[in-house]
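*Asks:* Pasting in a structure now, in structure tokens, and then I'll have a few things to ask.
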Amino acid sequence: MLSKEQISEIKELKDVCEKKEGYELKLNFDMLENRNEDNKEDFFHYEDGKLVGFLGSYYFGRKVEYCGMIHPNYRRKGIFTNLLNQGLEEARKRGAQNILFNAPAASQSGKDFLVSIPCTYAFSEHQMKWHQTELMEDTTISLRAYDYARDKEIEIQLDVLGFGMAEEDAREYVETLKEQNDNQRMIIEIDGKAVGKIRVSELDGEAWIYGFVIFPELRGQGIGRRALTKVVKMEEAKGLPIFLEVEAKNARALKLYESCGFKSYHSQDYYEFNM
């Protein structure tokens, strides 16, 4: 479990790095603020009592993603390499089978480091923000609060069929989400039948949409757009800016989000570590 002081230190270092290079790091604070007590997923480096290096690891079953940063004044001293070695050792202990490094597309320092280790470019992801757009809400679709006992298997099916996750990973990830108290997990229904799911994290005055998926056999019927419209209107009524992420090559999802008023403002690149 991370303390409030540690979270504050991470945010302060993040601000310094982003202002220096003009990018936006993806540090998943919704996950950082919900670490369990036996936290072996975050790695810190201090100099003279000041946090100058951080690496966060984010597990999704047997897949792990890494994102980290080093204070601009402390780079090229082997700090990040040391943090990464600690992270990779923990990943090996956990039996991770897929290791990804995440770096902002605009981060030259990140790219320079990644070319020095055995990894290959995997894909890119757009971060999108909603801009005021007239949307018509459809009352035939509904959102209800997620209930673990009732909906666990539905969620696992959706992660396997919709996101291509291995069932073992999906089951483990469902358990991980139980610890994230700032999430609103919802089941999308039509006529009382589950057709998809969506998750909203409200943190630091922002609303982020995650895990949005419709059963594959039901796509192309406008269900996704109607469900997304309902969520956007719900968060807009709270006065919150609304964000989401989408893989750049997912043309169908990208088109849907753009049609609902979302516009890309940052991109993240992912590199696969060659174990």
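*Asks:* Write down the accessible area per residue of the chain in Å², having rolled a 1.4 Å probe over the full set of protein chains.
*Replies:* Result: 50 Å² per residue.
*Asks:* Mind running the shape call on the chain? Use the C-alpha gyration tensor, a ≥ b ≥ c as the square roots of the eigenvalues: rounded below 1.5 for a/c, prolate if a/b tops b/c, oblate otherwise.
*Replies:* Here the chain falls in the prolate category.
*Asks:* Tell me what the chain gives for mean residue ellipticity at 222 nm when only DSSP H runs of n ≥ 4 count, each as -39,500 (n - 2.57), the sum divided by the residue total, rounded to 500 deg cm²/dmol.
*Replies:* The helix contribution divided over the chain gives -10500 deg cm²/dmol.
*Asks:* Any chance you could run the full-extension gain for LYS19 through GLU137? It's 0.36 nm times the residue separation minus the Cα-Cα distance, nm to one decimal.
*Replies:* 38.6 nm
*Asks:* Could you sort out which of LYS19/LYS152; LYS63/LYS152; LYS63/LYS197; LYS4/LYS178; LYS111/LYS152 sit more than 32 Å apart by Cα distance in this structure?
*Replies:* The pairs that break the limit, which is 32 Å between Cα atoms, are LYS19/LYS152; LYS111/LYS152.
*Asks:* Could you check how much of the accessible area of the range 110-204 is carbon and sulfur, as a whole percent, using a 1.4 Å probe?
*Replies:* Whole-percent figure for carbon plus sulfur exposure: 50.
*Asks:* By its C-alpha gyration tensor, with a ≥ b ≥ c as the square roots of the eigenvalues, how is the range 71-128 shaped: rounded for a/c under 1.5, else prolate for a/b larger than b/c, else oblate?
*Replies:* oblate
*Asks:* Which peptide among 63-71, 135-143 comes first, and what is the full order, when sorted by highest mean count of other Cβ atoms within 10 Å?
*Replies:* Ranked from most to least packed, the peptides come out as 63-71, 135-143.
*Asks:* Now, a different point. Count neighbours as other Cβ atoms within 10 Å of each site's Cβ, and list the GluC sites (Glu not before Pro) in the range 9-51 that are DSSP loop with at most 11 such neighbours.
*Replies:* GLU37
*Asks:* Could you compute the FRET efficiency for GLU247 and GLU47, with r as their C-beta to C-beta distance and R0 at 25 Å, rounded to 0.05?
*Replies:* In this case the efficiency is close to 0.10.
*Asks:* Ignoring any ligand, DNA or RNA, what whole percent of the accessible area of the range 1-99 comes from carbon and sulfur when the probe is 1.4 angstrom?
*Replies:* Carbon and sulfur together cover 41 percent of it.
The values are calculated or read from the model by the stated rules, or taken from the named source; none is laboratory data. Everything numeric in this text was worked out from a predicted model, so none of it was measured. Here Cβ is always computed from backbone atoms with ideal geometry, including for glycine, and neighbour counts include all displayed protein chains. Ligands, DNA and RNA are excluded from the accessible area calculation, which covers all protein heavy atoms including side chains. Shrake-Rupley method; radii C 1.70, N 1.55, O 1.52, S 1.80 Å.
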